[in-house]
1. Once whole DSSP H runs in the chain are found, which of them have Cα atoms spread over 20 Å or more along the helix axis and a mean Kyte-Doolittle score of at least 0.0?
2. Could you tell me whether the stretch 383-432 comes out rounded, prolate or oblate from its Cα gyration tensor? Rule is a ≥ b ≥ c as square roots of the eigenvalues, rounded for a/c under 1.5, then prolate if a/b exceeds b/c, otherwise oblate.
3. Give the ranking of Leu390, Leu10 by solvent-accessible surface, highest area first, calculated with a 1.4 Å probe.
4. With a 1.4 Å probe and every protein chain kept in, tell me what percent of the accessible surface of the stretch 75-126 is carbon plus sulfur.
5. Report in % the part of the accessible area of the stretch 1-71 that belongs to carbon and sulfur, leaving out ligands and nucleic acids; probe 1.4 Å.
6. By accessible area of protein heavy atoms, probe 1.4 Å, what ranking do His451, His61 get, highest first?
7. Given R₀ = 56 Å, what would the calculated FRET efficiency be for Arg206 paired with Leu32, taking r from the Cβ atoms and rounding to 0.05?
8. Just the number please: accessible area per residue for the chain, 1.4 Å probe, all protein chains included, in Å².
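The values are calculated or read from the model by the stated rules, or taken from the named source; none is laboratory data. Small disclaimer: the values here were computed from a predicted structure and weren't measured. FYI the Cβ positions are ideal-geometry reconstructions off the backbone, even for glycines, and counts take in every protein chain you see. Ligands, DNA and RNA are excluded from the accessible area calculation, which covers all protein heavy atoms including side chains. Shrake-Rupley method; radii C 1.70, N 1.55, O 1.52, S 1.80 Å.
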Amino acid sequence: MELSWLENLLQNKRTVWIVGALAILLFLVTNLPWQLDDYDQAKQAFTSFEMIKEGHWFYQHTPQERVATKPPLVGWVSAGLFALTRSWDVAWRLPSFLAAIALSILLYRAANSAYRSIAALIALSAFGLNLLSPRLATFVRTDMPLAFVMFLIGLLIWQKVREQDEWRPQDRIYLFALLTVVMLIKGPIVYAFLLSGIGIFEWWRRKSNAVSAWSGWWPWLASLGVFLLWVIGGIVFVPGFFDQVVVREFIGRFGETIHRPQPLYFYLPQLLHKFAPWSVLMILIAFLSVRPAGIGIRNAFRKISPETFWLICWVFGGLLVMSLIPSKRVDRIFPIVPPLCLLLAAQIARCVPCRPSMSSAFGSTGHRPVATENEATRGRIYRWSAVVLLLSILFTSGYTISKVISGYRGHRDALVIFGREVRHEAEMHHWRYEVLPAKDEGLLLYLRKTHFIKRRRAIVEWNRGNLDALVAPTEDAAALMRKLRDAALSQLKSKEKKNKPGVGYVFITH
C-alpha cells in the first residue's frame, strides 16, 4: 500500500507541475531585491548598456574603464531585449531566467524519454531545488546561458551514444553552431568541461561496441577560429586588450599570483553542499547499486550502459579539469549540474526495474525471490526520493525566504533606490548631473551613466555653470563642497548597507 501510494505520487503529473512552478518561483525571487553590487554583475550589465549608449558592439569596458573580458553574445541578447522591453532590469536578467526554464524543460524531457516519469521528476527537482540554480537564474551573469548551451552539446553526444547513431554532416554543423555560441559567451572554457570527458569515453569504448562520442576536429577548431578572430581584433584595435584579457584574464587563471587560487579539492565539498540533498541521494543510490550484489566497482563499470558512462565522463571529466585550474569560484562549476541531474535520473532508472510479470516472477519452486528483491529496492528508492524531494523543497525555500528577508532588512537595494530617486529629481528639474568615481561599480548603471567624471573636471564644470548636480561618496562630500560655488546637500542620500558600513553617497545640488 505504501509503495503504491509513493509510486502514484511520484508519477502524478500534478507533482511535476507543482515542482516546476515552485522552481520557477524560486528562480524569480531568490535574488530579490535585485541589485548589481556583487559577483561582477555590474561588469556584465555594463556591456549591453555600453552597446546601446555608445554603440560599442564588439568590445566593451567595465564601469571602472577597464576592458571587458568576456565575448559579447549575452550582451547582444540583453541589448535586443532592452530594445523590445525598454527595461534594463528585464533585459539584464531575462537571458539567465529563460535559459533556466529552457534547461528545466529540456532536462525533464530527456530524462522522461530515456528513464521514465519518476526519474524525470527527480531530475527536474534536482535542477530546480538546489542552492545554485535559483541563485544563478536571475543573476546578471553568463553562467546560466553558458550551462544551457553546453548542456545542448553534451546532450547531443548523449543521444548519439544512446541511439548508436553515427555522426552525420548535419550533426557536425549543429555542433559547430553550438560551440560557436559557447565561444561567444565565455570563450574556450567548453574544452575544459567536455574534451576530457570525451577523451575518457573514447578510451573506455575501445572495449565495447559503443558509438564514438567524438565528432571529428573541424567543429571544434572552426568555432575556436571564430573566437580567435574576436581576440585578434581586440588585440589590434582595443588598447589594453592583450594585457587585461589575454594575459590577466586567461593566462592568469593558470597561475597563483593574479587571481586568488583555491586548493585542488575546492569544488568537491562545495558541490556536495550546494547540490544537497541530491548529492547525498546520489551517494546512497550508488552504494545500494553495488553493495547487495557484491559485484564491486570494477564489475559495475563493466556492466554500465554507454550513455550512462558518458554522463559519468561528462560530469567528472569537467570537475577534474576545472579543479586543476588554480583560479576557482563556486559558480564556475555550474555547467556540470544539469548532467549531474541527468545522471541521477539514470541511477534511479537502473535501480528501479520494471515490475515483473506474474508468469516470470515465480521460480520453479513457486517462490518469488526476484520480485521480492525488486520490490524492496523499489521501495527504498521511492522512499528516499520522496524524503529528499521534501527536504529539498524545505531547504531551498527556507534559504530563499531567509535570503530575501535579510536582503530587504539589510538594504541590499539601497543604491538601486538612491539611483532611481536621483534620476527622478534630475528629470523633474532638468538637471545636468555627473557621478564622481566610486567603489560600487553598479552606481553608474543605477544612475544611467556611462562614465565617472574626474574630480578636478567636475569642479571646473560646476563653477562654469555646466553642471547642476553631482553624486559623490559621503566621505568626500565636505571637502568637495568647499570648492563648489553655491553647493548644497540634497536630502537624497543612499541608505547604509549592513554589509558595507560607512559606505554611502550624497546628491549635491545648487
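1. Those that pass (Cα extent of 20 Å or more, hydropathy at least 0.0) are 13-29, 88-128, 143-163, 169-186, 218-237, 306-324, 337-351, 369-409.
2. Working: a/c = 8.88, a/b = 4.44, b/c = 2.00.
In terms of gyration-tensor shape, prolate.
3. Most to least solvent-accessible, the answer reads Leu390, Leu10.
4. Values: 1220 of 1900 Å².
Carbon and sulfur atoms account for 64 percent of the accessible area of the stretch 75-126.
5. 61
6. Reading off the accessible areas and sorting them downward yields His451, His61.
7. 0.60
8. Dividing the accessible area of the chain by its residue count gives 48 Å².
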